[in-house]
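The values are calculated or read from the model by the stated rules, or taken from the named source; none is laboratory data. Bear in mind the structure is a predicted one, so any value in this text is a computation, not a measurement. Note: ideal-geometry Cβ built from the backbone for every residue, glycine included; neighbour counts use all protein chains shown.
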């Protein structure tokens, strides 16, 4: 009974928070003189209304799956890491820099090396936050956030300085990647292969956490670190490994954005995908398979921004207000954890007993 109650609660709390966020967003636009009903309709149409909307949604969801894993995997080990933006931009920078250092084979092999370099860069950066937590006692939330700012500053310095392409006048960029290592689209659709990488990464993460002893050990450390140490688990190594894997996912997202979208490293990478991944992970309760669904939903919100701008005259960035409302309600919903499911089950039990008494009478 308790297991079913917890499952119901884990499903209902995020759904209620998302519904509340959408309602508040409509009210927010209503205060500005806009029709909330029209806003809700355009949100749906812009995200899922037709094939073009779906392709735009899925393309935006691909990096969110990976940046959300940067939060979810360390969270399974008991850490709150929010520095995915830094790992993403360094991953993109590593992918853009690699062809300048070594010649790459053409085709899929060269693309794979680009993505490997991006993943390694992201893994090392977030593993540093885990190492600071374990070896120096630095709070991982603050460390990862500050490391993110350092990564962005380093990215801007390199892109606008030593590695700047002289031909990039208005927007400083690195040299474009060779055409034969760029990541193409899936068949005739306007969705790049990064979506497949994101899906595969989420599935692998879910299998690792639920189906391997190593993943189980990480969850044990996250549940009770002191008990894990008492039974002999290498808590420090497991925590740093979880951080590295999460960072690798975010770095991979940066590499994919460079190889599939921008073709070079520039300021277009710094659009908050790492920060949106924090929200995606929290809504999904840090569960890798749930991240896929939530990432598609928030990818749809981002895709609908341009439609809201065209039809209602609101800024494209207004969807950030929607996601802010959702994040606040998700955090507030934690106060109900442990109580909502109990209240619902009590109500269902009372209602069922009354109906049984009425039928017997």
Conditions: (1) assigned to a helix (DSSP H, G or I); (2) surrounded by 17 or more Cβ atoms within 10 Å (Cβ to Cβ). Residue 82 meets all but one. Number of the miss?
(1)
Name the residues in region 298-320 that are assigned to a loop (DSSP other than H, G, I, E, B) and in contact with a helix residue (DSSP H, G or I) (Cβ under 6 Å, 6 or more places away or on another chain), would you?
314
Within region 261-275, the count of residues that are part of a helix (DSSP H, G or I), surrounded by fewer than 24 Cβ atoms within 10 Å (Cβ to Cβ) and in contact with a helix residue (DSSP H, G or I) (Cβ under 7 Å, 6 or more places away or on another chain) comes to 3
Identify all residues within region 276-289 that are surrounded by 19 or more Cβ atoms within 10 Å (Cβ to Cβ) and in contact (Cβ under 8 Å) with a residue 60 or more places away in the chain; write none if there are none.
276, 277, 278, 280, 281, 282, 283, 284, 286, 287, 288
Regarding residue 62, is this residue in contact with a strand residue (DSSP E or B) (Cβ under 8 Å, 6 or more places away or on another chain) and crowded, with 23+ Cβ neighbours inside 10 Å?
yes
Qualifying residue in region 97-110 (condition: assigned to a helix (DSSP H, G or I) and surrounded by 24 or more Cβ atoms within 10 Å (Cβ to Cβ))
no
For region 95-104, state whether one or more residues are touching a helix residue (DSSP H, G or I) at 6+ places or on another chain (Cβ under 6 Å) and under 25 Å from residue 242 (Cβ atoms).
yes
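One line per residue, one yes/no per condition, for (1) under 27 Å from residue 42 (Cβ atoms); (2) in a helix (DSSP H, G or I); (3) out of contact with any helix residue (DSSP H, G or I) (no Cβ under 7 Å at 6 or more places or on another chain); (4) at pLDDT below 90:
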| position | (1), (2), (3), (4) |
| --- | --- |
| 322 | yes, yes, no, no |
| 325 | yes, yes, no, no |
| 330 | yes, yes, no, yes |
| 335 | no, yes, yes, yes |
